[in-house]
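Trainee: After the structure tokens below, expect a handful of questions from me.
What follows draws every value from the coordinates through simple rules; no lab data is involved. Keep in mind the model is a prediction, meaning the values are calculated, not measured. Positions of Cβ are generated from backbone atoms using ideal geometry, with glycine treated the same way; all protein chains shown enter the neighbour counts.
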């Protein structure tokens, strides 16, 4: 059995994580906007209008991350990887930013609920190896 190079594993993990995350963002926002998320599964102080506004402030960020990510993945499957890389890098940066903002917010509030921390730490951290890989590859190509 032939060993898979580390960079291929990183890219495969990143792409799989992007699909799950980008579709997850869209499902989450559809469910949230349609008020389908039961309050007991929502974040602490879900009924507070300020926190609700804070949550909704992520809509554009998350939808842009999804749109650029899913477009990049589709372009990559069509054989236009060079055109997909910049979009993929943007998507990963937006996703990581969303995770960072959420983690920073909950840390400032002193709220350490595992059910909200784990997904947001995932959003913050999973893009980093992919961003490093893409940045190196684009630099090597002279972009």
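Trainee: Return the label of the correct value of percent of Cα pairs over 26 Å apart, as calculated from the structure shown, out of (i) 16; (ii) 27; (iii) 30.
Mentor: (iii)
Trainee: Follow-up. When 53, 48, 62, 22 are ordered from fewest to most other Cβ atoms inside 10 Å of their Cβ, what list results?
Mentor: 53, 48, 62, 22
Trainee: Quick check on the exposure proxy: order 80, 68 from fewest to most C-beta atoms within 10 angstrom.
Mentor: 80, 68
Trainee: Where does the chain land at 222 nm, in deg cm²/dmol rounded to the nearest 500, when only DSSP H runs of n ≥ 4 count, each adding -39500 (n - 2.57), divided by all residues?
Mentor: -26000 deg cm²/dmol
Trainee: Hey, what angle do you get for helix 127-140 against the long axis of the chain, alpha-carbon based, 0 to 90 degrees rounded to 10?
Mentor: On a 0 to 90 degree scale, this one is about 30.
Trainee: Using the per-residue mean of other Cβ atoms lying within 10 Å as a proxy for protection, in what order, highest first, do the peptides 105-115, 126-136 fall? Let's see the in-between values first.
Mentor: On the way: 105-115: 10.8, 126-136: 18.0.
So the peptides 105-115, 126-136, ranked by packing, come out 126-136, 105-115.
Trainee: Note down the relative contact order for the chain as a percent, whole number, built from C-alpha pairs under 8 angstrom at least six residues apart.
Mentor: Details: 118 pairs, mean separation 37.7, N = 143.
Relative CO of the chain lands at 26 percent.
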